[in-house]
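Chemist: Got a structure here, written out as structure tokens. Questions coming.
No lab work stands behind these numbers, since they all come straight from the coordinates. Note that this is a predicted model, so its numbers are computed, not measured. Quick reminder, even Gly has a Cβ in these numbers, built from the backbone with ideal geometry, and neighbours come from all protein chains shown.
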Amino acid sequence: MNAAPTLAIGIACIAMTVCSASAQTNRRTIGGGGDFNPSGLVQPIPAAPKKVVQTTVTYLALTKERQWSSSDGKSITATLLSFDHGNEAKFIGPTVIKDGKIHLLKSNKPFVLPLDRLAALDQDEVRVIDKKIKNIYTAKKTAAAAAAAAAKTPE
């Protein structure tokens, strides 16, 4: 009966020896030697300075700041903006109504609002502005085409 307890103690000692050996390997310095040597430390690479990217956004205001009324009776003071600047060279005017929505600027913050949220009178005014802009660019395109045709005809 004495042999069994000795065997259990022997296994426990082996397990403890392995554990303490792994704990000792974790205590080594980076340089690999037993003494502390600062030259053996690896210095971290300094992070590159962050580049600051400044973006300037230019809006095309189609109206002055005015009072807009919503269909539920609320009002907001804002400026009507276009979604884009259009393309003058291709005779494409700025986009006023896009997917049934308009672009307003309130307190220097732009936001998109569904056109049907505006009161009927304000909806009509936005549609008139959109039509006027389209007419201007259609007239410019027609005039440019006439001028190009006139330049081609010999005199």
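Chemist: Sort Thr58, Thr138 so that the residue with the fewest other Cβ atoms within 10 Å of its own Cβ comes first and the one with the most comes last. Present the calculation step by step, with values, prior to reporting the outcome.
Modeler: Values: Thr58 5, Thr138 12.
Neighbour counts put them in this order, fewest first: Thr58, Thr138.
Chemist: Taking the Cα of Asp124, stepping 7 Å toward and past its beta carbon, and measuring to each backbone N in region 58-73: which are under 20 Å?
Modeler: 63-64, 66-73
Chemist: Also, quick follow-up: Can you compute log10 of I(q)/I(0) for region 56-155 with the Debye formula, treating each Cα as one identical point scatterer, at q = 0.12, 0.21 Å⁻¹?
Modeler: -0.47, -1.05
Chemist: Neighbouring Cβ atoms within 10 Å as the yardstick, rank Thr55, Thr63 fewest first.
Modeler: Details: Thr55 4, Thr63 15.
Arranged by neighbour count, lowest to highest, Thr55, Thr63 become Thr55, Thr63.
Chemist: Another question, if that's okay. For Val126, Val52, what ranking results if the residue with the fewest other Cβ atoms within 10 Å of its Cβ goes first?
Modeler: Working: Val126 18, Val52 5.
Fewest-to-most Cβ neighbours within 10 Å comes out as Val52, Val126.
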